[in-house]
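Worksheet for the structure shown next.
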Amino acid sequence: MRPAGNRTPDPGQDRLMMALRARNPDRALEAARMMGDVPLSAAAQITSLLAERDDPRYDVAAARLAARLTLERRLGLEDADTVLTSVARLPDEEALSQLLGYCRRAVP
């Protein structure tokens, strides 16, 4: 049994963080595929990076992020509308900050 507080390193998550710091969308998406289950906050950062680079994969990533946030955080119509507006404004820093706030929101 592993002592409390120790975690098994996730090479996919480490690669994702390095790719995001390097602003490399291809490496970020490759790392996300390795992880399988990508946290919402990481998905928001990847989507913002794709928007920043005017990457053709942004459109699908943006729709998927908005859908995941709406479903996983059980958002109502007004909040879902705010999420869609924020996703459409990426890579705007304020829009990303607002999305990250929704990512941290507890599920009702």
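Within a Cβ distance under 12 Å of Leu75, other residues only, what is the Lys/Arg minus Asp/Glu net charge? Kindly include the intermediate steps, with their values, before the conclusion.
Values: positive: Arg68, Arg73, Arg74, Arg105; negative: Glu72, Glu78, Asp79, Asp81.
The answer is 0.
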Evaluate the distance, in nm, between pseudo-label points positioned 7 Å from the Cα of Asp55 and of Leu100 along their respective Cα→Cβ axes. 1.8 nm
Ignoring any ligand, DNA or RNA, what whole percent of the accessible area of the chain comes from carbon and sulfur when the probe is 1.4 angstrom? 51 percent
Descending principal axes extents, the chain, alpha-carbon based, whole Å: 46, 35, 21
Leaving out ligands and nucleic acids, note down the accessible area per residue over the chain with a 1.4 angstrom probe, in whole Å². 64 Å²
Answer in debye to the nearest 20: the dipole magnitude of the chain about its Cα centre, from +1 Lys/Arg and -1 Asp/Glu charges placed on Cβ, is 500 debye
With the dipole of the chain worked out from charges on the C-beta (+1 for Lys and Arg, -1 for Asp and Glu) around the Cα centre, which of Pro39, Ser97, Ala66 lies farthest toward the positive end? Pro39
Run the numbers on segment 5-107 and let me know its relative contact order in percent, using alpha-carbon pairs under 8 Å that are six or more apart. 23 percent
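The values are calculated or read from the model by the stated rules, or taken from the named source; none is laboratory data. Just so it is clear, the model here is predicted, and its values are computed rather than measured. No Cβ is skipped: glycine too gets one built from the backbone with ideal geometry, and neighbour counts run over all protein chains shown. The area values use the complete protein model at the heavy-atom level, side chains included, leaving out ligands, DNA and RNA. Shrake-Rupley method; radii C 1.70, N 1.55, O 1.52, S 1.80 Å.
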